[in-house]
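Some notes on the structure that comes next.
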Amino acid sequence: MSETIIQLEGINFFYNGFQAIDGVSLSIGPGVYGLLGPNGAGKTTLMKVILGHLRPAAGKGRILGSDLDAGLTEVRRCIGYMPESHCLIPGMDAVTLTSYMGELSGMPRQEAIKRAHEVLYYVGLEESRYRMTDTYSSGMKQRLKLALALVHDPELMILDEPTSGMDPGGREEMLQLIVDIAAKGRMNMIISSHILADIEKTCARVLIMNHGRIVSEQQSLDFAGGDTSIFEVGIKGEPGLFLEQLQGIHAETDRRGLLRLHLPPDFPPMSLFRLALDTGVQIRHFRPSRLTLEDAFVTAIGESHAR
Ligand SMILES: Nc1ncnc2c1ncn2[C@@H]1O[C@H](COP(=O)(O)OP(=O)(O)OP(=O)(O)O)[C@@H](O)[C@H]1O
Ligand SMILES: [Mg+2]
């Protein structure tokens, strides 16, 4: 099997002359990818292009080995899509709707019914599975949409704002389910969100999107690991003399007002405390720098605004 799950090159998409996707090229391998961006960034539009629901004005792509141009009728059976909008059919209970979706994806009826019960149990809707879905709360609808995306055991799941409208408890459970599905099923996923914490909890890799463009690609290792040669230092007192003594060491101030010091290998970090004492300042914060997804997001979005 090919290691590339999704490959896009130079994709443009317009809504009545408004460019919602602007030259997107990307390559997504197996695993869980996050698509992170503010409202209006183009996340939903890009997902619909990947699903073949929207036809790009330019560019090409391959999804699970099939050409975007050729239409994705067959491939769509291997994709589970959890849309942002509500997509439930009124007047149906959850078991009927879920098994119907399974059948639409090519499952034999009996198997679809059996599987519907399983996935509804899995997402925590077993007690409400015979209730009309119109009567479901927002959180229950999100769980049901996850079940609908999962019923036919797809190879790739595309989840658009999976925690939208959920309370904190429900949101945690939804994220946990996603992590569980990804781990157990070795599932390939793309998850969109404008919420950093959701993406951080679920995704190994993150594409940051703004104004229809991918503005940054980050690996979660970058966020989890520390860079031992860069230290964050918070100082109380007048730092002039302290900084003067650090000549030759690259120093910058971050958004929180902390110094980021790039220490060369022969500079023992603990000697900063001696230096502080000698120059009459106190070190109130000291730790190896850890680049967070939030830093990456703020930087990427800031840069793309500046363009
Ligand atoms: N049907 C449409 N007609 C015209 N413009 C649209 C349409 N759908 C989306 N847009 C515009 O395209 C841009 C991208 O929208 P999209 O819904 O893809 O963003 P998004 O990143 O999913 O945002 P959100 O986080 O709010 O869901 C936005 O500026 C939006 O206003
Ligand atoms: Mg959206």
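Of the candidates Ile178, Ile190, Ile283, which one comes out as most mobile in a Gaussian network treatment of the chain with C-alpha springs shorter than 10 Å? Of the options given, Ile283 has the highest mean-square fluctuation. Beta bridges assigned by DSSP with both partners in the chain are antiparallel in approximately 65 percent of cases. Computed from Cα positions, the angle between helix 94-104 and the longest principal axis of the chain comes to roughly 80 degrees. All other residues whose Cβ lies under 12 angstrom from that of His53 are scored, Lys and Arg at +1 and Asp and Glu at -1, for a net of +2. Note on region 11-53: Rg/Rh from Cα positions, Kirkwood definition for Rh, rounded to two decimals, is 0.97. Over the Cα atoms of region 1-156, each weighted equally, I'd like the Debye log10 I(q)/I(0) at q = 0.09, 0.10 Å⁻¹, rounded to two decimals. Values, matching the q order: -0.34, -0.42.
In terms of the ratio Rg/(2.2 N^0.38 Å) built on C-alpha atoms, what value belongs to region 36-84?
Scaled against compact globular proteins, the figure is 1.17.
Please compute the Kirkwood hydrodynamic radius of region 79-127 from all pairs of different C-alpha atoms, in Å with one decimal. About 11.3 Å for region 79-127. Under Stokes-Einstein, with the Kirkwood radius over Cα pairs as Rh, the value for region 226-289 at 37 °C and 0.692 mPa s is 281 µm²/s.
Arranged from fewest to most other beta-carbon atoms within 10 Å of their beta carbon, Glu84, Glu200 become Glu84, Glu200. Ranked for footprinting exposure by Cβ neighbours inside 10 Å, fewest first, Lys201, Lys43 give Lys201, Lys43.
The angle between the Cα long axis of helix 138-150 and the main principal axis of the chain comes to about 70°, on a 0 to 90 degree scale.
Calculated on C-alpha atoms, the gyration radius of the chain divided by its Kirkwood radius gives an Rg/Rh of 1.09. The stretch between Asp69 and Asp22, if pulled fully straight at 0.36 nm per residue, gains 15.1 nm over its current Cα-Cα span.
Result for the chain in a Gaussian network model with C-alpha springs under 10 Å: among Gln19, Gln218, Gln282, the largest mean-square fluctuation is at Gln282.
Coordinate-derived values only; no laboratory data. Here the structure is a predicted model, which means the values were calculated and not measured. We place every Cβ from the backbone using ideal geometry, glycine too, and count neighbours over all the protein chains shown.
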